[in-house]
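To keep things clear, I will list the structure first and then write my remarks on it.
Every read-out reported here was derived from the displayed coordinates using simple, explicitly stated rules and does not represent laboratory data. All values derive from a computational prediction rather than experimental measurement. Note: ideal-geometry Cβ built from the backbone for every residue, glycine included; neighbour counts use all protein chains shown.
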């Protein structure tokens, strides 16, 4: 196996542990321990950790080591601002009849997010899948690539703060968003997405807070 593929294997393993809760926020990562678990040398693990640090999942502490990043409210607010910019542009591209292309699948994904008594981690993952499916309809690879990246770090922030912040998810709000986008003009679609993104968020995360 090449160095690149070993690094990718280490990257995917660490990221899966971070997003799946195996490595909780604040957990110090032992490079040698991860390498032993994956049966590889520490070098590709180190490279993977550097990449994850650059992407915002890990953070290096001087004289301490590398740990799973502890997200701040500023991190989450910044993510939401960037997500708003990308998703509002996508809404302008997909609103109206174009949304009917994959309506049945989108409704299933929306209902999965809005289902009652769903574990928080599962709901967060379902929400990412729903919104990525919407942006896919814009048929813009660059927009989709950047949006996937933003939503992945957003999923991390959401999981990171589940115990310290409350995110209210009104029932049927994702099905309602589909209805808005299906019948809206580009301006109305953008406004609907903006309201959707910020509704239910703690007040300290909202614009001007």
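Quick one: Debye curve from the alpha-carbon atoms of the range 3-68 only, equal weights, vacuum; give me log10 I(q)/I(0) at q = 0.15 Å⁻¹ to two decimals.
-0.39
Sort the range 80-126 into rounded, prolate or oblate with this rule: let a ≥ b ≥ c be the square roots of the eigenvalues of the Cα gyration tensor; rounded if a/c is under 1.5, and if a/c is not under 1.5, prolate when a/b is larger than b/c, oblate otherwise.
oblate
Take the Cα of residue 16, step 7 Å along the line toward its Cβ, and report every residue of the range 36-53 whose backbone nitrogen sits under 12 Å from that point.
It comes to 38, nothing else.
Using 0.36 nm per residue, how much length does the chain from residue 132 to residue 73 gain when fully extended, once their Cα-Cα distance is taken away?
Between residue 132 and residue 73, full extension yields 18.9 nm more.
Would you mind putting 54-67, 139-152, 8-21 in packing order, based on average other-beta-carbon counts within 10 Å, highest first?
8-21, 139-152, 54-67
Relative contact order of the range 3-68, please, whole-number percent, based on alpha carbon pairs below 8 angstrom and at least 6 residues apart.
Relative contact order for the range 3-68 comes out at 40 percent.
Do the sum for the chain: with -39,500 (n - 2.57) for every DSSP H run of n ≥ 4, divided by all residues, what is the mean residue ellipticity at 222 nm, to the nearest 500 deg cm²/dmol?
Calculated mean residue ellipticity at 222 nm is -21000 deg cm²/dmol.
Using label points projected 7 Å from each Cα along Cα→Cβ, tell me how many nm separate residue 199 and residue 105, to one decimal.
About 2.6 nm, to one decimal.
Counting alpha carbon pairs within less than 8 Å and at least 6 residues apart, what relative contact order, in whole percent, applies to the chain?
That works out to 25 percent.
Show me the ranking of peptides 39-51, 96-108 by mean Cβ neighbours inside 10 Å, starting with the highest.
39-51, 96-108
By the gyration tensor of its Cα atoms, with a ≥ b ≥ c the square roots of the eigenvalues, what is the shape of the range 98-150: rounded for a/c under 1.5, prolate for a/b over b/c, or oblate?
Verdict is oblate for the range 98-150.
Out of every Cα-Cα pair in the chain, what percent are more than 29 Å apart?
So the portion of pairs separated by more than 29 Å is 32 percent.
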